[in-house]
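Trainee: Would you mind keeping the following structure in view while I ask a few things?
The values are calculated or read from the model by the stated rules, or taken from the named source; none is laboratory data. Keep in mind the model is a prediction, meaning the values are calculated, not measured. Cβ coordinates were reconstructed from backbone atoms using ideal geometry, including for glycine residues, and neighbour counts include every protein chain displayed.
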Amino acid sequence: MRILVTGSAGHLGEALMRVLQHSNHEAMGLDIKPSPFTQRVGSVTQRSFVKQCMQGVDVVLHTATLHKPHIATHTRQEFVDTNITGTLNLLEEAVSVGVKSCVFTSTTSAFGRSLLAPAGAPAAWITEDTASLPRNIYGTTKLAAEQLCELFHYRSGLPCVILRTSRFFPEEDDDRATRNTYSDDNLKLNEFLYRRADIEDVVDAHMLAIHRASAIGFNRYIISATSPFTRDDLRELRVDAASVVRRCVPGYEDEYARRGWSMTPTIDRVYVNERARVELGWRPRYDFGFLIQRLHASEDYRSPLARAVGSKGYHAESFSARPYPTE
């Protein structure tokens, strides 16, 4: 198959291109930025450019987007142009040339306000059936793009699989208090319990979606590391997360103590990946328990693919106070 990867200069786009280049597929990378993994330089907002790139394409992996880190540096109109109009351009041109399927990389940010458990309430149990209540222009435009995918499936039969990915970027957290409380590796390990995935597992989900899209037709899937928690843990997670982790992953404390790390005192949401595991046949390897084993063996907790892609940042310029400016 000939696969078009949008956003090929970004974290996930590059990771997909690296894997596809060693497969029996022909991969073509599209991005607004030149890169070793980009064959076509241009924007998804340019309809004529998208039309040229779509010729002969069998599958579209659409990862190109403006992200949350761009909210303070880009206008709302730019978010609409890239995330909504860009997706519309791709879908219309995909239908016009008979593309077999589209896999759209979305975000758990689309859940928005549903992720904010009220004070005193249990942690939120987040599944694909949780209401989507975006709280910024990023989540709003990603949700609108998802709905365009659903519309095109309904009207034209184009198989579209939506993958709502949790955090997989290697950059530091934008919150200064969080950065001052935890080392970067400590924070990321904590997040693998409930809101993070390794990019190798994320790529695996996309590859499975390619092959399952025709049978699925349309659906949304949460792509996040498998959590050790159950619904019965949700209330305690809000008040004493360490006790729950101790019960679910015995022995983690020894590894944390060896590094001077600490567990977050509270966890406010848990992303549930069961639908992706059942319907896509996804088998993510990099969960919290596996990473503790790797640390115990003095191995890097990151996958080889995550290390190869590395950190890219989201802006050409640097910022003194944080990794990127916030609203």
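Trainee: Would you be able to tell me the number of residues in the stretch 299-323 that are closer than 21 Å to Asn190 by Cβ and either at pLDDT below 95 or of a type in the set (Phe, Trp, Tyr) (or both)? Break it down stepwise before answering.
Mentor: Step one: of the stretch 299-323, the residues closer than 21 Å to Asn190 by Cβ are 299-303, 306-307, 311, 322-323.
This time we only want the ones that are either at pLDDT below 95 or of a type in the set (Phe, Trp, Tyr) (or both), so: 301, 311, 322-323.
Qualifying residue count for the region: 4.
Trainee: Mind checking which residues of the stretch 167-178 are among the hydrophobic types (A, V, I, L, M, F, W, C) and either at pLDDT 95 or above or assigned to a helix (DSSP H, G or I) (or both)? Step through it out loud before you land on a result.
Mentor: Narrowing the stretch 167-178 to residues among the hydrophobic types (A, V, I, L, M, F, W, C): 168-169, 177.
Hits for the stretch 167-178 are Phe168, Ala177.
Trainee: Same structure again: Taking the condition of being over 30 Å from Ala119 (Cα atoms) and exposed (fewer than 15 other Cβ atoms within 10 Å of the Cβ), how many residues in the stretch 266-292 meet it?
Mentor: Matching residues across the stretch 266-292 total 4.
Trainee: With the requirement that a residue be assigned to a loop (DSSP other than H, G, I, E, B) and surrounded by 15 or more Cβ atoms within 10 Å (Cβ to Cβ), what does the stretch 21-40 give you?
Mentor: Within the stretch 21-40, His25, Ile32, Ser35, Phe37, Thr38, Gln39 qualify.
Trainee: Select from the stretch 43-61 the residues that are more than 25 Å from the chain's Cα centre (by Cα) and polar (S, T, N, Q) and write down the one among them that is farthest from Ile210 (Cα to Cα).
Mentor: First, the residues of the stretch 43-61 that are more than 25 Å from the chain's Cα centre (by Cα): 47-49, 51-52, 55-56.
So of that shortlist, the ones also polar (S, T, N, Q) come out as 48, 52, 55.
Details: Ser48: 25, Gln52: 22, Gln55: 18 Å.
If we take residues in the stretch 43-61 being more than 25 Å from the chain's Cα centre (by Cα) and polar (S, T, N, Q), then Ser48 is farthest from Ile210 (Cα to Cα).
Trainee: Which residue is nearest to Glu78 (Cα to Cα), if the candidates are limited to the stretch 121-138 and must be in contact (Cβ under 8 Å) with a residue 60 or more places away in the chain and of a type outside the set (A, V, I, L, M, F, W, C)?
Mentor: Tyr138
Trainee: Could you list, in sequence order, all residues of the stretch 56-86 that are of a type in the set (S, T, N, Q), within 20 Å of Leu16 (Cα to Cα) and out of contact with any strand residue (DSSP E or B) (no Cβ under 9 Å at 6 or more places or on another chain)?
Mentor: Within the stretch 56-86, Asn83 is the sole residue that qualifies.
For (1) of a type in the set (Lys, Arg); (2) at pLDDT 95 or above; (3) closer than 27 Å to Asp81 by Cβ, each residue gets a yes or a no:
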{"residue": "Ala121", "(1), (2), (3)": "no, yes, no"}
{"residue": "Glu128", "(1), (2), (3)": "no, yes, no"}
{"residue": "Ile137", "(1), (2), (3)": "no, yes, yes"}
{"residue": "Ala144", "(1), (2), (3)": "no, yes, yes"}
{"residue": "Tyr154", "(1), (2), (3)": "no, yes, yes"}
{"residue": "Ile162", "(1), (2), (3)": "no, yes, yes"}
{"residue": "Thr165", "(1), (2), (3)": "no, yes, yes"}
{"residue": "Phe192", "(1), (2), (3)": "no, yes, no"}
{"residue": "Arg196", "(1), (2), (3)": "yes, yes, no"}
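Trainee: Specify which of the listed residues (Glu93, Glu78, Glu14) is within 19 Å of the chain's Cα centre (by Cα) and in contact (Cβ under 8 Å) with a residue 12 or more places away in the chain.
Mentor: Working: Glu93 fails: within 19 Å of the chain's Cα centre (by Cα); Glu78 fails: within 19 Å of the chain's Cα centre (by Cα).
Only one candidate passes the filter, namely Glu14.
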